[in-house]
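*Asks:* Got a structure for you, questions after.
The values are calculated or read from the model by the stated rules, or taken from the named source; none is laboratory data. Values in this document were obtained by computation on a predicted structure and should not be read as measured data. In this analysis, Cβ positions are derived from the backbone assuming ideal geometry, glycine residues included, and neighbour counts consider all displayed protein chains. Areas reflect the complete protein model, heavy atoms only, side chains present, ligands, DNA and RNA absent. Shrake-Rupley method; radii C 1.70, N 1.55, O 1.52, S 1.80 Å.
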Amino acid sequence: MIDPYTKQEIVDPNGRPVREPDELESDAEFVRVRLAPMPVQGQIKTPDDIIEDLEMAKHLAARSAVIIRDADKTRRAVKRIHSIAHGKALKGSTAKSAELREADAYAATDELQAIVDDSEIAYNFARDVARSVEGSTSAIQTQASMVKVTFGLAGTGREQ
């Protein structure tokens with residue numbers, strides 16, 4: 001991600017480049033779509049389907065944690081860059097009143113503020129998707145219990 005004013009790459013405190021908010025949002029969207037495909041009417045889930053769903057939920061939970069970490073790094077780095085730029089613009093303003101100096105600084109950093117907003121949206125979306133993964137995992141575990149009981153009642157021997 002490039003700072004629109006300095007044309008330098010935005011990095012986290014450890015000097016590593018941060019990811020674009022659109023890229024983070026796209027990754028979270030992949031998790032969301034994969035987590036909750038459209039249900040098929042009349043579909044009967046087998047124990048193997050449930051096991052596959054649980055494994056996928058575990059994978060998506062781990063992936064969500066990485067997306068949230070990256071989104072948080074992006075959000076913090078962009079906020080830091082914006083704060084510095086805003087302070088410099090405020091200090092460099094020649095306006096006489098504090099309100100006009102603030103307006104100058106706001107106008108001078110509006111592109112960075114848009115990036116801050118985008119990074120906040122990406123972070124919140126990734127966090128909300130991760131919460132959905134947790135809820136879905138619980139629902140899949142409930143399905144697994146129901147399948148176990150159903151097979152036990154049917155006497156198939158798969159209830160162990």
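*Asks:* How far, in degrees from 0 to 90, does helix 47-92 lean away from the longest principal axis of the Cα atoms of the chain, to the nearest 10?
*Replies:* 10 degrees
*Asks:* At a 1.4 Å probe, what is the % contribution of carbon and sulfur to the accessible area of the chain? Walk me through the numbers before you get to the answer.
*Replies:* Details: 5740 of 10380 Å².
The value for the chain is 55 percent carbon and sulfur by accessible area.
*Asks:* Report the full-extension gain for the segment Phe30 to Arg76: residue separation times 0.36 nm, less the Cα-Cα distance, to one decimal in nm.
*Replies:* Working: separation 46, 0.36 × 46 = 16.56 nm, distance 2.34 nm.
Answer, rounded to one decimal: 14.2 nm.
*Asks:* Mind checking the per residue accessible area of the chain for me, 1.4 Å probe, whole number of Å²? Working shown, then result.
*Replies:* Working: 10380 Å² over 160 residues.
Value returned for the chain: 65 Å² of accessible area per residue.
*Asks:* Using a 1.4 Å probe and counting only protein heavy atoms, arrange Ile67, Ile121 so the residue with the most accessible area comes first. If you can, show how the numbers build up before the last one.
*Replies:* Values: Ile67 5, Ile121 90 Å².
The residues order as Ile121, Ile67, largest area first.
*Asks:* Mind checking the full-extension length gain between Arg131 and Glu111? Use 0.36 nm per residue of separation minus the Cα-Cα distance, one decimal, nm. Kindly include the intermediate steps, with their values, before the conclusion.
*Replies:* On the way: separation 20, 0.36 × 20 = 7.20 nm, distance 3.06 nm.
That pair, Arg131 and Glu111, stretches by 4.1 nm at full extension.
*Asks:* Now for a different question. Ignoring everything but the protein chains, give the 1.4 Å probe accessible area of Tyr5 in square angstrom, nearest 10.
*Replies:* Probe radius 1.4 Å; accessible area of Tyr5 about 90 Å².
*Asks:* With angles folded into 0 to 90 degrees, how steeply does helix 110-154 sit against the dominant principal axis of the chain? Use alpha carbons for both and round to 10.
*Replies:* 10 degrees
*Asks:* Any chance you could count the Lys pairs in segment 29-130 whose alpha carbons are under 25 Å apart, treating pairs 8 or more apart or on different chains as valid? Display every interim value, and only then the final one.
*Replies:* Numbers: Lys45/Lys58; Lys58/Lys73; Lys73/Lys88; Lys79/Lys88; Lys79/Lys91; Lys88/Lys96.
Close lysine pairs under the 25 Å cut-off: 6.
*Asks:* How far apart, in nanometres, would the label points at Ala98 and Glu52 be if each is projected 7 angstrom from Cα along the Cα-to-Cβ direction?
*Replies:* Modelled inter-label distance: 6.4 nm.
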